[in-house]
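I have placed the structure first, in the form of structure tokens, so that the comments after it can refer back to it.
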Amino acid sequence: MPPLLVAANLEAHYGWTKVLHGVSFAVEEGGITTILGANGAGKTTTLRAVSGMVKTAGEIRFAGHRIDGKATEDIVRLGIAHAPEGRGTFAHLTVEENLRLGAWGRKAKGELARDLERISGYFPVLGQRRRQLGGTLSGGEQQMLAVARALMLRPRLLLLDEPSLGLAPLVVREIFRIVRTINREEGVSVLLVEQNASMALQLADHAYLLETGRVVMSGPSEVLQRDDAIRRSYLGY
Ligand SMILES: Nc1ncnc2c1ncn2[C@@H]1O[C@H](COP(=O)(O)OP(=O)(O)O)[C@@H](O)[C@H]1O
Ligand SMILES: [Mg+2]
């Protein structure tokens with residue numbers, strides 16, 4: 001089976017500055033792939049390229065379609081949902097209103113109530129807090145809301161931008177556990193970008209290491225976990 005997502009030779013600029021220098025990677029159908037890298041490596045730009053939010057050179061194929069150059073809303077409609085960096089919570093809307101916004105643009109509007117129910121099953125705390133304003137949630141709860149909102153689109157591919165940022169290890173573990181459950185139970189493929197290499201390598205089956213806009217290493221997560229250079233520079237032991 002060909003991969004669900006294939007990106008080849010992505011290049012991106014901000015003004016005159018080139019920040020992606022020919023980045024290539026793939027996400028298998030039903031798999032969890034992670035792109036690891038330090039601050040400024042180009043992780044967010046890579047996800048934004050997939051979502052059509054930055055102009056890129058190179059090729060991106062999703063489920064056989066060329067999606068590079070397409071508008072973000074068309075990419076969303078094909079089944080790619082993006083939980084952005086910074087979480088994007090609407091602070092003055094309730095949890096439930098935030099989730100309903102996630103379903104905007106989806107075809108099957110009639111099944112909204114059932115989806116809210118289903119997602120509360122994965123994130124019970126969001127169900128309990130559904131009338132609470134988004135801005136009053138803890139950082140971990142807001143991250144759960146960002147993932148849950150993306151799931152309201154019933155995506156085939158979920159893009160996660162540094163869900164661990166600023167959260168305690170226990171909270172990160174809980175969120176990653178839920179992502180794994182969703183991946184297994186719903187068959188949603190995941191592309192996770194992370195600075196937290198040790199957590200991300202535990203979750204993902206395949207990993208890429210990005211340094212200043214270039215993939216410098218890639219392979220199965222268990223191989224990267226054992227690599228000496230990765231251990232010294234990214235895992236700290
Ligand atoms: N909107 C922007 N304008 C100019 N430069 C940017 C912008 N966003 C990111 N960059 C630069 O592009 C590079 C990659 O950034 P980014 O993709 O956000 O990295 P990461 O998510 O890995 O931290 C960095 O050098 C960053 O400073
Ligand atoms: Mg980033």
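Tabulated values for the structure
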item: Aspartates and glutamates with Cα under 16 Å of Lys18, excluding same-chain neighbours fewer than 8 positions away; result: Glu211
item: Dipole in debye (nearest 20) - segment 109-237, about Cα centre, beta carbon charges: Lys, Arg +1; Asp, Glu -1; result: 400
item: Label-point gap, in nm, between Thr72 and Ala168 - each point 7 angstrom along Cα→Cβ; result: 3.3
item: Average accessible area per residue (Å²) across segment 1-70 - probe 1.4 Å, nucleic acids and ligands excluded; result: 46
item: Whole-angstrom Cα spans of segment 32-139 along principal axes, big to small; result: 44, 35, 26
item: Cα centre as origin, Lys/Arg/Asp/Glu Cβ charges: the chain dipole, Debye; result: 460
item: For Lys55, net neighbour charge (Lys/Arg +1, Asp/Glu -1) across residues whose Cβ lies under 12 Å away; result: 0
item: Extension reserve of the Gln128-Val216 stretch, reckoned as 0.36 nm per residue once the Cα distance is removed; result: 27.3 nm
item: Segment 1-93: mean projected area of Cα convex hull, nm²; result: 7.2
item: Dipole of segment 114-237, positive direction: furthest Cα of Ser198, Gly140, Ser233, with charges on the beta-carbon; result: Gly140
item: Beta bridges by DSSP in segment 61-196, antiparallel share as percent, to the nearest 5; result: 25
item: Globularity ratio of the chain, using Cα Rg and 2.2 N^0.38 Å; result: 0.98
item: Peptides ranked, highest mean first, by Cβ atoms within 10 Å: ranges 54-63, 206-215; result: 206-215, 54-63
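The values are calculated or read from the model by the stated rules, or taken from the named source; none is laboratory data. Just so it is clear, the model here is predicted, and its values are computed rather than measured. Counting neighbours? That spans all protein chains shown, and the Cβs are built from the backbone with ideal geometry, glycine included. Note: accessible area is taken over every heavy atom of the protein model, side chains too, but ligands, DNA and RNA are not part of it. Shrake-Rupley method; radii C 1.70, N 1.55, O 1.52, S 1.80 Å.
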